[in-house]
Amino acid sequence: MIRLHRPTCPRPDRLTAGDYKHADNKAALIDASSGKCMYCEAYVRDTSFGDVEHIQPKGRYPELEFEWNNLGFVCQRCNNAKGTKYEDRMPYINPYSEDPNDSVVASGAYIFQRGGSERGELTIIDIELNRTELLERRQELLNRIQKAIDKCFRTNEPLRSSLLSQLKEEAEAKKEFSFVVGARLALETF
Ligand SMILES: [Zn+2]
């Protein structure tokens, strides 16, 4: 999970009209997370269209159903895992309004709570941020990153610099699972 910046709502009139998933508004949310789920950072549109998520569930907070600040873009797996769970006294990490880095940390393919963060722990458990499918996909990516790291160290200039900049691109915010890749690359001194 990485910090996201909430875009301006392109069509507030549609929200007022009672439509929380108008195509233009959904597109703005998709763009804000580079097409990734706000929680698990998987590219959503590889396998589905993705959901407009109510951070505070609309069933229990009907007054927030059409509130722009309560909407996000998620994959169906995270949406299903979260369901209608949400507690005001311990809200899930909200990457649109805070830096997830304060509450969670990546180690290998796993996400852990940072510094004993209870909100981080609850987010990981309830949204299933270490579910098998995610662990497998992150591990595959990390294996590929490892090969690229090895190649950087075993290659001489000027090829080394080119390989290194390619490698660093893998940790950019637009890339899938960039949180995990960034944590791996931070362990190296290039
Ligand atoms: Zn997800």
Per the list (1) touching a residue at least 40 places away in the same chain (Cβ under 8 Å); (2) part of a loop (DSSP other than H, G, I, E, B), residue check on N25 breaks on (2)
Qualifying positions in region 47-56 - in a loop (DSSP other than H, G, I, E, B), within 15 Å of K85 (Cα to Cα) and within 16 Å of the ligand (Cβ to nearest atom):
I55
Pick out, from region 65-169, the helices (runs of 4 or more DSSP H) lying fully within it that include 3 or more residues that are out of contact with any strand residue (DSSP E or B) (no Cβ under 6 Å at 6 or more places or on another chain) and within 16 Å of the ligand (Cβ to nearest atom).
76-82, 118-126, 132-154
Region 10-41, subset under 23 Å from V105 (Cβ atoms) and in contact with a strand residue (DSSP E or B) (Cβ under 7 Å, 6 or more places away or on another chain), residue nearest to the ligand (Cβ to nearest atom):
C37
Go through region 152-182 residue by residue and tally those that are closer than 20 Å to D102 by Cα, among the hydrophobic types (A, V, I, L, M, F, W, C) and buried (at least 18 other Cβ atoms within 10 Å of the Cβ).
5
Show the residue pairs meeting these rules: Cβ distance below 8 Å; 6+ apart or different chains; first residue within region 66-84 and closer than 25 Å to A17 by Cα; second residue assigned to a helix (DSSP H, G or I) and within 10 Å of the ligand (Cβ to nearest atom).
V74/K82
Name the pairs: first residue in region 28-46 and at negative phi and part of a loop (DSSP other than H, G, I, E, B), second residue polar (S, T, N, Q) and within 13 Å of the ligand (Cβ to nearest atom), Cβ to Cβ under 8 Å, at least 6 apart or on different chains?
Y39/T123
I'd like the full set of residues that are at negative phi, outside any helix (DSSP H, G or I) and at pLDDT 95 or above, limited to region 172-190.
E172, A173, K174, K175, E176, A186, L187, E188
Would you please list the contacts, defined by Cβ atoms under 8 Å and residues six or more apart or on different chains, that run from a residue in region 136-161 that is of a type in the set (D, E, K, R) to a residue that is in a helix (DSSP H, G or I)?
R138/V180; K151/L163; R160/C152
Residue under question is V44, and the condition is that it be under 29 Å from D13 (Cβ atoms), modelled with pLDDT of 95 or more, buried (at least 16 other Cβ atoms within 10 Å of the Cβ) and within 12 Å of the ligand (Cβ to nearest atom); does it hold?
no
In this structure, is D51 under 23 Å from G182 (Cβ atoms) and more than 13 Å from the chain's Cα centre (by Cα)?
no
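The values are calculated or read from the model by the stated rules, or taken from the named source; none is laboratory data. These numbers were taken from a predicted model, which means no experiment stands behind them. Virtual Cβ from ideal backbone geometry, glycine too; neighbours counted across all protein chains shown.
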